[in-house]
1. Take the residues in the stretch 128-149 that are open to solvent by 60 Å² or more (accessible area, probe 1.4 Å) and within 16 Å of the ligand (Cβ to nearest atom); name whichever of them is nearest to F163 (Cα to Cα).
2. Scan the stretch 93-107 for residues that are open to solvent by less than 20 Å² (accessible area, probe 1.4 Å) and away from the ligand (no atom under 16 Å from the Cβ) and report the count.
3. For the stretch 161-177, what are the residues that are surrounded by fewer than 16 Cβ atoms within 10 Å (Cβ to Cβ) and not polar (S, T, N, Q)?
4. Being surrounded by fewer than 21 Cβ atoms within 10 Å (Cβ to Cβ), away from the ligand (no atom under 16 Å from the Cβ) and β-branched (V, I, T): is that true of T157 here?
5. If a residue has to be within 17 Å of the chain's Cα centre (by Cα) and over 29 Å from H104 (Cβ atoms) to count, how many in the stretch 59-74 make the cut?
6. When you check E198 against the structure, is it under 14 Å from E64 (Cα atoms), modelled with pLDDT of 95 or more and open to solvent by 70 Å² or more (accessible area, probe 1.4 Å), yes or no?
7. Between a first residue in the stretch 69-82 that is farther than 9 Å from A230 by Cβ and within 15 Å of the ligand (Cβ to nearest atom) and a second residue that is of a type in the set (S, T, N, Q) and modelled with pLDDT of 95 or more, which pairs have beta carbons less than 9 Å apart while being 6 or more apart in sequence or on different chains?
8. Restricted to the stretch 38-88, and to residues that are of a type in the set (F, W, Y) and under 15 Å from F164 (Cα atoms), which residue is surrounded by the most Cβ atoms within 10 Å (Cβ to Cβ)?
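The values are calculated or read from the model by the stated rules, or taken from the named source; none is laboratory data. Owing to the predicted nature of the structure, the values given are computational and were not obtained by experimental measurement. Cβ: placed from backbone, ideal geometry, glycine included. Neighbour counts: every protein chain shown. In case anyone asks, the SASA skips ligands and DNA or RNA and just uses the protein heavy atoms, side chains included. Shrake-Rupley method; radii C 1.70, N 1.55, O 1.52, S 1.80 Å.
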Amino acid sequence: MNCSTLVASLFVLAVLGGTAQAATTDCPRKDALGTSRVIAVDAATYPRVGLKSFPQSLPLRDKEVVLTFDDGPWPPTTKKVLAALAQECVHATFFLIGKPASEHPDIVKLIEAGGHTIGHHSWSHPDLAHMPESDAISQIDRGIAADEKALHGTATTTPSTPFFRFPGFQSTPALLDLMQSRGISVFGADLWASDWHEMSSKQELELLIRRLKEARKGIILLHDPKAHTAAMLPAFLRYLRENDYHVVQVVPKQATVDISRTP
Ligand SMILES: [Zn+2]
């Protein structure tokens, strides 16, 4: 083997080509719900998903759900949500607001350490559809930069996970096109618990189960800063486990990975 061979770069496609089995073997509870599989998402294939806003959603099978949490981080409720997810060994996606992310980088790192996916949700959660477009873009970029700074110490506007959810699902065609051109998938939702309203955790659980029975599958929107949602989550996860639902995690589809080495 000569030197040029040794220094040649080796390119491999990421193992997460389309779907891959999640590693569930490290779950300490054998009867936990677990994450059943992972779907790798890229903006070319899935520029916009979520039937509440768009015609397309993720390719979920019957009784598969994707759990998403918006508007955090917000200690201590985010910690309760993380504990409930860890108890059942399931991985979710958190769409973070940049300002609280900059104030609570420890919680952002805790979310990442739990194996969850971190998407973006603007800097301070305004209605991006009803402001000058340049201001909306600033909100998007400042939010991404704050989340990245909290995660990795560098305030880059190139997100390591290119997933974005518009606050209140308020987007414009121009902003949607911009996100697609930047390779960022825009997430809507397929169903939600309407947990932005005041309600008891019991009411929220009943409402969510009723809607899930109708939809049978989908991207579920919840809010981790809501105390009633954090309180409801353990029972909801238990419901999923006892009724044969499966939790799917969404992750960014990897670009070509360069694992070149020098001898
Ligand atoms: Zn929100």
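1. R142
2. Number of matching residues: 1.
3. G168, P173, A174, D177 - these are the residues of the stretch 161-177 that are surrounded by fewer than 16 Cβ atoms within 10 Å (Cβ to Cβ) and not polar (S, T, N, Q).
4. On the way: surrounded by fewer than 21 Cβ atoms within 10 Å (Cβ to Cβ): yes; away from the ligand (no atom under 16 Å from the Cβ): yes; β-branched (V, I, T): yes.
Against the criterion (surrounded by fewer than 21 Cβ atoms within 10 Å (Cβ to Cβ), away from the ligand (no atom under 16 Å from the Cβ) and β-branched (V, I, T)), T157 qualifies.
5. 3
6. Working: under 14 Å from E64 (Cα atoms): no; modelled with pLDDT of 95 or more: yes; open to solvent by 70 Å² or more (accessible area, probe 1.4 Å): yes.
No; evaluated as a whole, the condition is false for this residue.
7. Qualifying pairs under 9 Å: F69/T78; F69/T93; F69/T229; G72/T78.
8. Going through the qualifying residues, I end up with F69.
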